[in-house]
Each structure stands twice: as C-alpha cells, then as structure tokens.
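Engineer: Mind looking over this structure? Questions follow.
The values are calculated or read from the model by the stated rules, or taken from the named source; none is laboratory data. The model shown is predicted, which means the values in this text are computed figures rather than measured ones. Neighbour counts run over all protein chains shown; Cβ positions are idealised from the backbone, glycine included. Heads up: the accessible areas ignore ligands, DNA and RNA and are worked out on the full protein's heavy atoms, side chains in. Shrake-Rupley method; radii C 1.70, N 1.55, O 1.52, S 1.80 Å.
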Amino acid sequence: FHCDPEIVHPLGAPIVGLFRHTFGRSTLRRTDELISTTASYASTSREIWNYTPTVIPNAVDPEFFSPCDPAPRVLGGLPGTSGFRILCVGRLVELKRTEELIVVGDGALRGALEGRARASPSAGRIHFVGRVPLEDLPEYYRACDVFALPSVSRLEAFGIVALEAMASGLPVVASDIPGVREVVNDGLEGYLADPLDPRSFAGRIDTLLSRPLTRARLARNGRVRVLCSGVSVIVAISTTASARCI
C-alpha cells in the first residue's frame, strides 16, 4: 500500500470517497497480505489502519548511493564552485512544496518555479537540473551538503529520497509527517520541521549551514543507519567499496 488516495481538485474529496467505499474497500477485503512501508503510516492511514498490515520498509542500494566524491561533470554543471548546496529531488508538483527550495526534477510547476526563481533575490543561485537519468542521480547527492524533503501531503508516505540522501552521506531536513518521521529521526540523521511553516524549515537548514560539525555527525549517523538498521537492505557491498566510500 503506497499511500492514501488524494486528488487536488474541488471534486477530489467526493471522488476519493466514492473510490474508498467501492473499489478501494473491495480490493482491501480481498487481499491476502497487506504491506505498508512504515508503522506510523499504517496506524494513521484512513484506508488501512484497521487491517493490521505487515510493515516492510523501502530499501536503497548503499553501494550505488554512497558518499564518494562527485564526478567533475556534475560539479561543472552546478552554479558556483564552492559554498553551501541544498538539494531537493522529486516531482515538481504542489504536494512536494518545492517552491521553497532548490530542486532536481521535473513536473507541472517547473515553469512557474523558474519564473519565481528569476524574480527572487537569489536569482542566479538557484539551479533547475530537470529530470536526470538514474545512473547520474548519486552524483547530485554527492555534490551537495544538505538534502531537503519539504512535502506537506500524506501522499509522501515514506520519502525514499531521504533514504538515498542518508546513504549518500547527507544530513536531511524533512517535514514532520507520518511515514517520513520514521525514516529520519529528529536530531540523529537530520532534522524534522513543521510542514506548514517555511521559517521552521529555513531555520533547520540555517542551523546546518552554521554548524559543520553537526552536519558531519548527522551525515555519519544517516549512513550508519542505512548500513546497519532494518530500514534498508544492504546490497552487495564489497570491502574495497566500503573502505573507499564510508
């Protein structure tokens, strides 16, 4: 079960309600095994909270996403050669709340976001990479200092990009919403912020900007959690690769 259905439209609520009481309910009743990616989402979901689903977290490959040095070709395409870089990876849609951050991705809001970036005091410092091939994605994580996950909707039921960032050695600033808070422990692998308060989010990022030792500690904790805890599956890590990248 990925997430509760949600339609952003004036008629969205009645359409979702009709689905929940017909096809959605029928599907759940006929299911032999129901899986949720986090316990918190399983217990708060409007759809599955009373079905007692099995919890199996999402996984990432910590050899593919690792804190090695970024490729020069990626660094050369980013604004500036030094400084503090904040990364956000995801679809450019309303629920991701990416209008407050630098993003890598594509979607319906890209044109509007680029227009706002050009008109802002930070024009020239905000870089829209667009859709990138999967094989290039780890390089963008490695080229940045902090990862941001500002989603405000319950459609963000896990936040696997946060797990990718942690595997890549980045501290994470994420919205404090069900599912995501089970991936990122506040103060351990990153910080959780009020999803409806941009100043809260900015304050968390400012804290990491001014405290390099804190950034390094949270980054180490995130990488260790990916390697050692039940939140991910370790996939074919060689001794050489681990020694080089950790």
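Engineer: Net charge near residue 134, counting Lys/Arg +1 and Asp/Glu -1 over other residues with Cβ under 13 Å of its Cβ?
Structural biologist: Numbers: positive: 131; negative: 61, 135, 136, 139, 164.
Neighbour charge sum, excluding residue 134 itself: -4.
Engineer: Sticking with this structure for a sec: Any chance you could run the full-extension gain for residue 136 through residue 15? It's 0.36 nm times the residue separation minus the Cα-Cα distance, nm to one decimal. Let's see the in-between values first.
Structural biologist: On the way: separation 121, 0.36 × 121 = 43.56 nm, distance 3.84 nm.
Contour length minus Cα-Cα distance gives 39.7 nm.
Engineer: Between residue 200 and residue 29, take the C-beta separation as r, use R0 = 30 Å, and let me know the FRET efficiency to the nearest 0.05. All intermediate terms of the calculation are to be shown ahead of the outcome.
Structural biologist: Working: r = 40 Å, r/R0 = 1.35.
The pair residue 200/residue 29 has a calculated efficiency of 0.15.
Engineer: To the nearest 10 square angstrom, how much accessible area does residue 225 have with a 1.4 angstrom probe?
Structural biologist: Solvent-accessible area, nearest 10 Å²: 50 Å².
Engineer: Taking the Cα-to-Cβ direction at residue 55 and at residue 227 and moving 7 Å from each Cα, how far apart do the two end points lie in nm?
Structural biologist: Here the answer is 2.5 nm between the modelled labels.
Engineer: Could I ask something else about it? Please give the length that would be gained between residue 68 and residue 220 if that part of the chain were fully extended, namely 0.36 nm times their separation in residues minus their C-alpha to C-alpha distance (nm, one decimal).
Structural biologist: 53.4 nm
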